[in-house]
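Down below is the structure, laid out as structure tokens.
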Amino acid sequence: MTSTLAADPAPGGRRLPRLPAVGRDATQTVFGAGPRRRTLILVGEQPGDREDVEGEPFVGPAGGVLAKALNSAGIDRSDVYLTNAVKHFKWRPRGKRRLHQTPRAGEVEACKPWLEAELHAVRPTALLALGATAAKAEDLRHVAREMEKQG
């Protein structure tokens with residue numbers, strides 16, 4: 001079953017705080033999407049311009065590159081849960097374009113409860129951090145250690 005966790009990001013009735021004004025210029029919050037079962041989970045940095053407009057993770061240019069890489073590896077994209085460490089697109093204007101800006105540590109920390117809820121809901125068998133921001137997210141290091149202990 002493919003779903004997004006936007007409607008129910010916290011398993012077990014756990015209450016999550018409101019997302020702070022991290023992405024005040026973003027169009028919308030972009031939660032993860034994919035199968036809600038033990039699966040591979042890929043965590044990127046933040047939604048891009050297309051993801052912000054469409055409300056789905058990895059649908060822009062980086063998503064196209066990712067789809068090709070998954071296909072080359074023989075992995076069906078629909079079998080992978082896709083999400084980001086930060087749930088809003090951080091950008092600055094340049095003419096008519098919206099240019100990506102790297103989120104600060106405080107912005108990653110502000111979105112941590114949602115990433116944690118996704119990880120607990122999906123309970124991935126494998127986790128891959130795509131980029132430095134995702135790799136630095138503390139929950140990812142903790143989950144990776146727990147997955148190693150479980151074999």
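The values are calculated or read from the model by the stated rules, or taken from the named source; none is laboratory data. Model, not experiment: these values are computed from the prediction. With ideal geometry, Cβ positions are generated from the backbone for all residues, glycine too; neighbour counts draw on all protein chains shown.
Structure summary
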| read-out | value |
| --- | --- |
| Any hit, segment 73-85, residues being within 16 Å of residue 127 (Cα to Cα), out of contact with any Asp or Glu (no Cβ under 7 Å at 6 or more places or on another chain) and acidic (Asp, Glu) | yes |
| Positions within segment 53-71 being of a type in the set (D, E, K, R) and within 23 Å of residue 122 (Cα to Cα), in sequence order | 54, 56 |
| Odd one out for residue 111 among (1) surrounded by 11 or more Cβ atoms within 10 Å (Cβ to Cβ); (2) at pLDDT 90 or above; (3) among the hydrophobic types (A, V, I, L, M, F, W, C) | (2) |
| Meets criteria (outside any helix (DSSP H, G or I) and either surrounded by 20 or more Cβ atoms within 10 Å (Cβ to Cβ) or modelled with pLDDT of 90 or more (or both)) for residue 70 | no |
| Considering residues of segment 21-52 that are closer than 17 Å to residue 133 by Cβ and modelled with pLDDT under 75 only, the residue surrounded by the most Cβ atoms within 10 Å (Cβ to Cβ) | 23 |
| Identity of the residue in segment 77-96, without any contact (Cβ under 8 Å) to a residue 40 or more places away in the chain and part of a strand (DSSP E or B), that ends up nearest to the chain's Cα centre (by Cα) | 92 |
